[in-house]
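Trainee: Pasting in a structure now, in structure tokens, and then I'll have a few things to ask.
Coordinate-derived values only; no laboratory data. Because the structure is a prediction, the values reported are computed rather than measured. Backbone-built Cβ (ideal geometry, glycine too); neighbour counts: all protein chains shown.
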Amino acid sequence: MKTVLEGIRVLDFGRYIAGPYCAALLGDMGAEVIRIEKREGSEDRTLIPVIHDEEGNPGAGALFLQMNRNKKGMTLDPAHPKGREIVKRLIKTADVVVVNLPPQTLKSLELDWPSVHAINPRTVLTTVSAFGSGGPYAERLGFDGVAQAMSGSAYMSGTPEQPVRAGASWVDFGSASLAAFGTMTALFAREKTGRGQHVEGALLRTAVTYMSQTLIEQDLLRKDRVASLNRGQTAGPSDIFRCQDGWITILINGDPLFKRWTRLVGEESWVSDPRFASDEARGDNGEVLSARTTLWCSTRTVQQALTELERAKVPAGPVLSPQQLLDDVHVNEAGYFAKVNYPGLTPSARIMATPVTLSELPGSIRLPPPTLGQHTDEILAGLGLKPTQIEELRNAGVI
């Protein structure tokens, strides 16, 4: 065995992040992943373009490069009658089908669970939608920001006057990662039962899960918390602070860390102060702790502050710009990035490598993202179609 998922075939009907990144993670672990997109190219192909042609038209985008490494690419119209026949033939060869579309759309394309299971009982169907099935929102459309807003995350960020959505698409990436986890679990179960199953993820379910501690507290204690910018409310000091030449974050949880912080800033008496007797109390009095930390940081540069905090074993880090992160020595030496080539792209793009490592069979990026329809003929030939049949499909607008 060279890779964990050697011999596993994945059909990726996904768009944007939740579906494609799930398939990309499976591809990193050795699965053969086939990205299936419409003939003119899917809308996620040129989002945040990093390549333009001579006329200035957008080419491949940053999102596409990250989501579609380790994939073969084919074009196909699954709504066309002949396209549906190709989809069925592909599913017969597939171990996993990944789709992030609303339930009704899945049914109309015959990519819903009853349809897929009838074609190939061993296939695992992994779907991600905005809200999941079983409730009144099942057919609603939604992106990452919608789930952030509805989960309480945006409400608890920013200020009471201005909710704030996170810059990172954490709901999409979280949903993709959980979908990959569910897919791997279903494949493991198939080894015992011989049957595939439906793995269902939902953006709002992911966001609610990630907000769970706040929601559980509200449900039980009715705290009715409101946003306090970057200041944590359940421990402290926990905030982002300005130094003389930049910003840092300091995060204190638990008595041992708090004691070390008091020694560092010269407030040892606060250890016995009832205002700071526990994480809960420190969270309730976080404004005082943040004010004291702000004063301490104001007399130091970022590097001076971080050196002292590291020496005191207090968790802290700098607030980095995207460029500073790209230049960070640890990020580069620890192998966070991998390089991929793509036509028209100079130099190679640095994309995030597989975010988890395995000691014996680690994931890797073996293939660059495919150009539009790059492997269509190859994949169809693998299904037994002759060149003349493939050309007929092309002339009919199927591929």
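Trainee: Just subtract the alpha-carbon distance of ALA62 and LYS386 from 0.36 nm times their residue separation and send over the number in nm, one decimal.
Mentor: Details: separation 324, 0.36 × 324 = 116.64 nm, distance 3.56 nm.
Once the chain is fully extended between ALA62 and LYS386, it gains 113.1 nm.
Trainee: What FRET efficiency, computed as 1/(1 + (r/R0)^6) with R0 = 45 Å and r the Cβ-Cβ distance, is obtained for LYS38 and VAL331, rounded to the nearest 0.05? Walk me through the numbers before you get to the answer.
Mentor: Details: r = 36 Å, r/R0 = 0.80.
After rounding to 0.05, the efficiency reads 0.80.
Trainee: Rounded to the nearest 10 degrees, what's the angle between the helix 212-221 long axis and the longest principal axis of the chain, both from Cα atoms, 0 to 90?
Mentor: 60 degrees
Trainee: Give me, ordered by chain and number, the residues 5 or more places off GLY317 or on other chains with an amide H under 5 Å from its own placed amide H.
Mentor: THR249
Trainee: Angle, helix 255-265 long axis vs. longest principal axis of the chain, Cα atoms, 0 to 90°, nearest 10?
Mentor: Result, in degrees: 60.
Trainee: Related question: Quick check on the chain: helices-only [θ] at 222 nm, where DSSP H runs of length 4 and up contribute -39,500 (n - 2.57) each and the sum goes over total residues. Nearest 500, please.
Mentor: -11500 deg cm²/dmol
Trainee: I've got another one for you. Evaluate the charge dipole of the chain about its Cα centre and quote only its size in Debye, nearest 20, assuming +1 on the Cβ of each Lys and Arg and -1 on the Cβ of each Asp and Glu.
Mentor: Values: 42 positive and 45 negative charges, 168 e Å.
About 800 debye.
Trainee: Which of ASP377, ASP172, ASP95 moves the most in a Gaussian network model of the chain with Cα springs under 10 Å?
Mentor: Among ASP377, ASP172, ASP95, the largest GNM mean-square fluctuation belongs to ASP377.
Trainee: Next question. Taking 7 Å along the Cα-to-C-beta vector as the label spot, tell me the VAL356-ASP284 distance in nanometres, rounded to one decimal.
Mentor: The answer from the label model is 3.9 nm.
Trainee: I would also like to ask the following. In the chain, with Lys and Arg counted as +1 and Asp and Glu as -1 at Cβ, which of these residues, GLY363, SER42, ASN253, has the Cα nearest the positive end of the dipole, that is, farthest along it?
Mentor: Of the listed residues, the answer is GLY363.
Trainee: In degrees, nearest 10, range 0 to 90: what is the angle between the Cα axis of helix 286-298 and the longest Cα principal axis of the chain?
Mentor: 90 degrees
Trainee: Among PRO78, ALA60, GLN304, whose Cα sits farthest toward the positive end of the charge dipole of the chain (+1 at Cβ of Lys/Arg, -1 at Cβ of Asp/Glu, about the Cα centre)?
Mentor: Going by the Cα projections, it comes out as PRO78.
Trainee: With springs connecting C-alpha atoms under 10 Å apart, model the chain as a Gaussian network and identify which of ASP112, ASP144, ASP328 has the largest mean-square fluctuation.
Mentor: ASP328
Trainee: Using a basic spin-label model with each label point 7 Å from the Cα along Cα→Cβ, how many nm lie between ILE48 and THR185?
Mentor: Result: 2.9 nm between the two label points.
Trainee: Using each residue's phi in the range 302-308, evaluate 6.51 cos²θ - 1.76 cosθ + 1.60 at θ = phi - 60° and report the 3J(HN,Hα) Karplus result to the nearest Hz, with x for Gly and Pro.
Mentor: So the J values, rounded to whole Hz, are 4, 5, 4, 4, 5, 5, 5.
Trainee: To continue, here is another question. What FRET efficiency, computed as 1/(1 + (r/R0)^6) with R0 = 51 Å and r the Cβ-Cβ distance, is obtained for ASN253 and THR105, rounded to the nearest 0.05? Each step should come with its number before you reach the end.
Mentor: Details: r = 44 Å, r/R0 = 0.86.
Rounded to the nearest 0.05, the efficiency is 0.70.
Trainee: Give, rounded to the nearest 20 debye, the magnitude of the charge dipole that the range 227-290 has about its Cα centre when Lys and Arg contribute +1 at Cβ and Asp and Glu contribute -1 at Cβ.
Mentor: So the magnitude is around 140 debye.
Trainee: Within the range 73-91, find all residues whose amide N lies under 15 Å from a label point positioned 7 Å from the Cα of ARG195 along Cα-to-beta-carbon.
Mentor: No residue passes the distance filter.
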